[in-house]
1. Which count do you get for residues in the stretch B:272-284 that are touching a residue at least 24 places away in the same chain (Cβ under 8 Å) and either more than 20 Å from B:V184 (Cα to Cα) or open to solvent by 40 Å² or more (accessible area, probe 1.4 Å) (or both)?
2. If you take the residues in the stretch A:30-48 that are out of contact with any Asp or Glu (no Cβ under 6 Å at 6 or more places or on another chain), of a type in the set (K, R) and within 8 Å of chain B (Cβ to nearest Cβ), which one is nearest to B:R308 (Cα to Cα)?
3. Among the numbered conditions (1) more than 18 Å from B:F298 (Cβ to Cβ); (2) open to solvent by less than 10 Å² (accessible area, probe 1.4 Å), tell me where B:A190 comes up short.
4. From B:Y234, B:Y242, grab the single residue that is assigned to a helix (DSSP H, G or I), of a type in the set (S, T, Y) and away from chain A (no Cβ under 14 Å).
5. Go through the residues of the stretch B:41-56 one by one and say whether even a single one is in contact with a Pro (Cβ under 9 Å, 6 or more places away or on another chain) and within 11 Å of chain A (Cβ to nearest Cβ).
6. Does A:R36 qualify as being at pLDDT 90 or above and more than 16 Å from ligand 1 (Cβ to nearest atom)?
7. Hey, could you check the stretch B:30-66 for residues that are among the β-branched types (V, I, T) and part of a helix (DSSP H, G or I) and say which is most open to solvent (accessible area, probe 1.4 Å)?
8. How many of the residues making up the stretch A:105-116 are free of Cβ contacts under 8 Å to residues at least 40 places away in the same chain, within 18 Å of A:D156 (Cα to Cα) and more than 11 Å from ligand 2 (Cβ to nearest atom)?
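The values are calculated or read from the model by the stated rules, or taken from the named source; none is laboratory data. These numbers come from a predicted model, not from an experiment. Counting neighbours? That spans all protein chains shown, and the Cβs are built from the backbone with ideal geometry, glycine included. Calculation scope for accessible area: heavy atoms of the full protein, side chains included, ligands and nucleic acids excluded. Shrake-Rupley method; radii C 1.70, N 1.55, O 1.52, S 1.80 Å.
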Amino acid sequence: MQSLTNRSKVVVNKKMSFMEKIYLPEIAKGMMITLRHLFKKKVTIKYPEQKRPVAPVWRGWHVLKRDELGRENCTACGLCAVACPAEAITMTAAERKPGEENLFREEKYAAVYEINMLRCIFCGLCEEACPKEAIFLTDRNVPVDLLRDDFIFGKDKLLEGVQPEKRIDISVRARAHRQIEN
Amino acid sequence: MEYSELIFKIIFVIAVFAVSLLIAMYSTYAERKIAAFMQDRIGPDRAGPFGILQPLADGVKMFMKEEIIPSHADKVLFILGPSLMMLTACMTGVVIPWGNSLIINGQEYIMQITDVNIGILYIFAVVSIGVYGIMIGGWASNNKYSLLGAIRATSQMISYELAMGMAIISLVMMTGTLSLREIVLQQPGAHWNVFYQPLGFLIFLVCAFAETNRTPFDLPECETELVGGYHTEYSSMKLGFYLFAEYINMFISSAVIATLYFGGFNMPFVAGLGLSHNTLAVLGVVFFFAKIFFFIFFFMWVRWTIPRFRYDQLMNLGWKVMIPLSIVNLLLTGLVLLWRNGLFHF
Ligand code: SF4
Ligand code: SF4
């Protein structure tokens with residue numbers, strides 16, 4: 001088999017030579033290696049202050065979009081939940097009441113919309129399945145938390161705000177995809 | 001004993017105690033940092049600048065944890081185990097000569113809690129009692145893993161103590177005294193014993209690793225086979241005591257190595273500078289601690305470099321290599337001494 005790096009060593013069960021048997025030279029060799037590593041550049045990325053650079057097409061934390069008038073796009077059709085290979089999405093549909101036209105674009109909307117972030121594999125199939133351009137994956141990391149329950153993201157963590165400054169930018173990936181296609 | 005000397009001693013005892021605790025505390029931090037750096041990480045850095053408050057955070061965590069005494073455990077012994085371990089760990093610092101003497105108002109104060117004339121034997125005796133801490137804890141837990149860990153620790157310590165003892169005997173034959181202060185005073189400047197007893201030093205160093213249960217001899221707490229070893233059943237501050245005692249032991253071992261083989265508070269190149277006695281003494285303390293820190297670093301460096309031995313390898317090394325080697329060293333020292341004293345003609 002061809003090895004990926006030229007550093008692989010074939011393990012043989014040979015008898016140890018005298019120099020190996022007294023351990024000390026080998027230990028000294030090993031200690032020199034660790035000493036070198038002591039001064040090497042560290043690979044740690046101090047999340048959340050620093051973030052790992054990601055590709056422009058990288059998929060992270062979902063967003064539920066609103067349209068230009070600030071109405072929720074999602075119509076609770078459930079196509080995303082069907083498409084989801086990890087079965088991470090659940091929702092409860094509700095009917096739009098008269099007077100709520102400024103809140104929801106369609107007559108049916110998702111009263112509850114939950115994604116279990118621990119199940120999600122960030123494949124992006126929900127985004128592809130959505131007929132209403134309601135759900136998108138963004139370039140944000142899913143924040144760290146301590147309890148499993150806190151990783152079930154409801155609309156409070158998924159839905160973007162109405163005000164322009166609270167909108168979530170999804171153009172990075174869209175642009176990158178366009179570039180790739182051309 | 002004079003009044004002022006008594007006060008000096010009391011202050012000194014408290015200082016030594018506080019310093020050993022402080023150093024043990026920060027050894028845990030250093031251990032994590034060094035481990036991280038050797039693995040190309042940066043280690044704890046959240047508590048305070050550079051994570052400098054990490055040991056405090058760990059201590060608070062240890063205190064806050066639930067205190068569990070298993071219902072099937074022997075309660076008295078279960079508590080006695082870690083207490084004994086901590087006690088012996090703190091007791092060894094008594095005979096170490098931390099520095100030369102200070103002269104205040106014409107009176108000489110020796111920077112050592114007590115200069116027992118059998119200092120080395122005292123250290124060995126106290127360290128050996130430490131094994132009881134492990135054994136009692138392992139036995140009282142009433143858990144097979146704890147017991148196995150404790151048995152391993154005991155047999156390992158006994159095996160390596162032999163070789164260590166014989167390495168020391170060679171040293172004592174050479175110096176002709178058991179008092180640690182005198183041994184240090186016999187190594188002025190850079191006339192360190194390590195140059196006269198290199199083999200003895202090597203044996204002592206390896207055995208010191210075994211005595212303090214550090215990698216590659218950390219079989220008593222071998223996670224892969226024994227869960228946690230002798231402290232499997234322990235929690236909260238009792239576990240903290242065991243872990244803490246290990247670090248104090250490491251500190252004391254480093255101090256003993258520095259004292260016996262690296263000239264203690266002696267330092268090279270200062271004899272001709274004409275500094276006053278007190279300045280020299282303080283410098284000596286600093287230098288002594290530098291040596292100690294180097295050995296603590298060395299302990300950690302080894303830990304993060306090599307894997308642990310298998311148990312049969314450990315025993316082989318102890319009985320078939322270390323002990324014969326130390327006997328050879330003993331004989332060689334004896335021969336050289338005889339030859340030097342002219343009692344021997346080729
Ligand atoms: S990204 Fe994939 S796994 Fe995650 S919710 Fe969407 S469809 Fe499911
Ligand atoms: S996000 Fe899109 S696919 Fe999912 S329920 Fe809403 S409209 Fe349907």
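1. Result for the stretch B:272-284: 4.
2. A:K41
3. Exception for B:A190: condition (2).
4. Just one listed residue meets the conditions, B:Y242.
5. No - not one qualifying residue is present in the stretch B:41-56.
6. no
7. B:V60
8. 2
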